[in-house]
Amino acid sequence: MLRKDLGFTIVAVVALMLAIASTTVIFSVINGVLLRPLPYPEADRLVTLSPTVRATNTPRDATSPANYLDWAAQNDVFAAMAAARGWQGNLDEGDAPERLRVTMVTASFFRVFETAPLIGRTLQAADEQPGGANVVVLSQGLWDRKFGGDRNIVGRGIRFDGEAHTVVGVMPASFSPDDYGELWVPSPFGVPTHALRPTADPRQIRDSNFLDVFARMKPGVTIQQARAQMDAIALRLEKDYPNDNMGQGATATRLQEDKVSGIRSALIMLGAAVGFLLLIGCANIANLQLARGAARAREVSIRAALGADRRRLVRQLLTESILLAVIGGALGILVALWAMPVLMAMAPPVLSSFKEVTIDRGVLLFGLIVSVLTGVIFGLTPAFQASSANPNDSLGEGERGSTAAYNRSRSVLITTEVGLTLVLLIGAGLMTKSFGKLMKVDPGFTPANLLVFDIGLPAGSDDARNLNFYQQVVERISSLPGVARVGAVSRLPFSGGNSGRSFNLVGSEKSYDADIRVSTPDYFRTMGIPLLRGRVFTEQDTPNSARVCVINEAAARMLFPNDDPIGKYITNFGPDSETMQIVGVTGNIRHLALDTPPRAELYQLLGQGKWPRMFVAVRPIAGNPLALLPSVQNAVWSVDGNVALGNVRTMEDTIARTLLKRKFTMTLLTIFAGIAIALASIGLYGVMSYSVSQRTREIGIRMALGAQRRDVLQLVIRQGMLLTMVGVGLGLAGSFGLTRLISSLLFGVSATDIGTFGAVSSLLFVIALLACWLPARRASRVDPIVALHTE
């Protein structure tokens, strides 16, 4: 029966293939990220612990070592608790050094996650003694890439950050709780050390937050109990240490919830979008089935006259629908298997870090179930419609039969298709407009033609060595042919991470907070950050000269809203309670992301301020900045041959990476909306074509009585556009409610943006008009003599 009507079969299979492929791909992502437990034993007991701003209950990123130790000592709800701090270091293995992501952890870290190593052992308490043996645990990825998966690696020595370390174990590929570390080293004091004071005992530090904390709840403990106890501990610490903990709470968040927080809302929205797409596909094929059912009315009537009861007729027609759905579903799954690697290649880091995102047996079973259910859903209405026809009427009236019931059903389906399509189109339109506005945001500097990377000497290098290294690196890169300017900074915009400090103004006890940056003198000119007042650092500013700083416009407004900040002083800054004079004010830059407003920033001169790891920005005189990479690498090696360049990229690429989540969501939603509008157009075209074929005799009579082609065109188009108007009305009503759910994903655009609603509705009207015009044009060319003779 499907072969007999090959055109219908092909259109139906393609529509189902697209709908089920989209559904399968998105479900595989949702399954791997939101539904599947993390790859650790009893993963629902794993939590992250973080301080909060009590007044707003807003979580902060990290906590201090002293607070961590108090959390661990004063709780009775956690079976294990661990702290970690990430940084980057140089692996001196092979032909050239390589910059790696390292995590310093407490020995309890591996006990929290209860994951056994592939080979060897994990870290132990004995490894945390100051002056103890340098040991390291490798990730499977690093083990395979750098050491060829050598199972004799345990006990072998490697050189990392200029020192010998002994490999004691290798962790499996699924072990990546912090989404950062390529290898793990122990904390020499039982707590990770401060980046600026790597050899100092950190256990008394309470005024600097740099630790990520993980814990495993005891059996039977709920997340609400864990949060209540963390809050109680925070209240005690606020009372005992008011200078450092005033207004600070603490909370627990399930690890899975914490890992997916950056992508959850986007995935839920995409899940809803493919659900709509599947419904549109079902409605589309149900329309095709109704048209086919009307044409088969005589066939069904003959079957009934020969003794087939209604149940058997329904079974016959449902069998065809389900077979059609299974064929479309099988092809859809094949398309999904092809599309999955493409999807993950364009996915943002927060999503691509989930290695469990694959089309596995569960996803395949889901695709099969969806296919069968789809066949049942789009086949039920046509089956009942066809099987309920009166055989006497159908046989008596020939093939024309009664079409009123079919037309009503098809009209309902097409208006539903148009309404759902409009919701998807408006969602895609809002995301596209939002992305366009975001791309036009001025970051506050000139990102074009900038080569950026990070470098650093081994942890524990003294301040003089660090300063000498960075000064020589900047000097030698500056002297390279083709280089216009070079600057270095402790925190590069859009590179992730942030650092802040509190301070006072002279003569005031009020505390202020600002983001802290340590830079070389030419950093501002290299980045193209404008100087608004005063000056930036010069060669006359040295480590031994008077302490100076540069602030941005946001800091100037915060500190001196009605006064000129140039020449003013800040005090009690940093661990040494320094006093610094403000010598310049620069323009604001957006440091975290384009959609994050500028924050108050304070710049120190490198040498007066200390920092172990620096980002270097190189601006060429002309041409592609990446072309400078070989000579820049050689310049760094000429200063220290064991230092590798890390995270080499252009500044434009750095900014683009921060937009990946929005671009990913926008692209998929636009694709789904495109498929939806194609299906809706096919459905509307099918309705009008079928209507024209059923009204051939009527049109012939009208034209015989004097109707012009223009009249016939208007008659057919009016019918189609009326259905479109009803569908658009339903879609607009639904969109005003549903698009509010994506407001958190929008930038500079209201979820009820009238311009987008109007433009998308107009687009849909134009496409619907074209879908109606083609059958109307055919109808207007009907020869009344031929039409009446045929009837």
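The values are calculated or read from the model by the stated rules, or taken from the named source; none is laboratory data. Because the structure is predicted, anything quoted here is derived from the model rather than measured. Here Cβ is always computed from backbone atoms with ideal geometry, including for glycine, and neighbour counts include all displayed protein chains. The area values use the complete protein model at the heavy-atom level, side chains included, leaving out ligands, DNA and RNA. Shrake-Rupley method; radii C 1.70, N 1.55, O 1.52, S 1.80 Å.
By the gyration tensor of its Cα atoms, with a ≥ b ≥ c the square roots of the eigenvalues, what is the shape of region 420-549: rounded for a/c under 1.5, prolate for a/b over b/c, or oblate?
Here region 420-549 falls in the prolate category.
Relative contact order for region 12-138: what percent, with Cα pairs under 8 Å and sequence separation of 6 or more?
Averaging sequence separation for qualifying contacts and normalising by length gives 16 percent for region 12-138.
May I have the extent of the alpha carbons of region 557-695 along their three principal axes, as whole Å values ordered from largest to smallest?
89, 49, 30
Just the number, please: carbon plus sulfur as a percent of the accessible area of the chain, 1.4 Å probe, no ligands or DNA/RNA counted.
C and S fraction of accessible area: 56 percent.
Hey, what angle do you get for helix 463-478 against the long axis of the chain, alpha-carbon based, 0 to 90 degrees rounded to 10?
60
Pairs of Cα atoms under 8 Å, at least six residues apart: use those to get the relative contact order of region 701-779, whole percent.
Worked out over region 701-779, it gives 53 percent.
Going through region 488-570, which trypsin sites (Lys or Arg not before Pro) have at most 12 other Cβ atoms within 10 Å and a DSSP loop state?
The qualifying sites are Lys510.
Return the whole-Å distance between the Cα centroid of region 1-51 and the Cα centroid of region 527-543.
Taking the Cα centre of each part, region 1-51 and region 527-543 sit 54 Å apart.
From the residues Leu505, Leu480, Ser490, which one has its Cα farthest along the dipole of region 473-515 in the positive direction, the dipole being from +1 and -1 charges on Cβ of Lys/Arg and Asp/Glu about the Cα centre?
The listed residue farthest towards the positive side: Leu480.
In square angstrom, rounded to the nearest 10, how much accessible surface does Asp462 have for a 1.4 Å probe?
Surface accessible to solvent at Asp462 totals approximately 90 Å².
What accessible area, in Å² to the nearest ten, does a 1.4 Å probe give for Ser762?
Ser762 has an accessible surface of roughly 70 Å² with all protein chains in place.
Nothing charged except the Cβ atoms of Lys and Arg (+1) and of Asp and Glu (-1): what's the magnitude of the dipole of region 534-589 about its Cα centre? Round to the nearest 20 debye.
Roughly 80 debye for region 534-589.
Taking the Kirkwood radius as the inverse of the mean 1/r across Cα pairs, report the Rg/Rh of the chain.
Expressed as Rg/Rh, it is 1.09.
Inverting the mean 1/r over all pairs of different Cα atoms, compute the Kirkwood radius of region 156-213 and quote it in Å.
13.7
Beyond a 24 Å Cα-Cα separation, which of these cross-linked pairs lie in this structure: Lys218/Lys259; Lys440/Lys661; Lys239/Lys610; Lys146/Lys661; Lys259/Lys610?
Result: Lys239/Lys610; Lys146/Lys661; Lys259/Lys610 exceed 24 Å.
If I take every Cα pair under 8 Å that is 6 or more residues apart in the chain, average their sequence separation and divide by the length, what percent do I get for the relative contact order?
16
Any idea what angle helix 361-387 forms with the longest principal axis of the chain, computed on alpha-carbon atoms, 0 to 90 degrees, nearest 10?
Its long axis makes an angle of about 20 degrees.
How much accessible surface area, in Å² rounded to 10, belongs to the heavy atoms of Ser461 with a 1.4 Å probe?
Accessible area, nearest 10 Å²: 20 Å².
Sort Ile621, Ile359 by accessible area with a 1.4 Å probe, largest first.
So, going from the largest accessible area down, we get Ile621, Ile359.
Would you pull out the residues with amide H under 5 Å of Leu118's amide H, same chain only if 5 or more places away, H placed 1.01 Å from N?
Val170, Met171
Solvent-accessible area per residue for the chain at a 1.4 Å probe radius, Å²?
43
For the chain, give the magnitude of the charge dipole about the Cα centre (Cβ charges: +1 Lys/Arg, -1 Asp/Glu; no others), in debye to the nearest 20.
3000
Given +1 on the Cβ of Lys and Arg, -1 on the Cβ of Asp and Glu, and no further charges, what dipole in debye does region 182-281 carry about its Cα centre, rounded to the nearest 20?
260
Considering only Gly157, Cys282, Leu196, whose Cα is most displaced toward the positive end of the charge dipole of the chain, charges sitting on Cβ of Lys, Arg (+1) and Asp, Glu (-1)?
Cys282
Scaled to the compact-protein estimate 2.2 N^0.38 Å, what is the alpha-carbon radius of gyration of region 1-45, rounded to two decimal places?
Against the empirical 2.2 N^0.38 Å value, I get 1.98 for region 1-45.
For the chain, find the longest principal axis of its Cα atoms and tell me its angle to the long axis of helix 754-780, 0 to 90°, nearest 10.
With rounding to tens, the tilt is 30 degrees.
Considering the dipole of the chain built from charges on the beta carbon (Lys and Arg +1, Asp and Glu -1) around the Cα centre, which of Leu46, Thr658, Pro543 is farthest to its positive end?
Going by the Cα projections, it comes out as Thr658.
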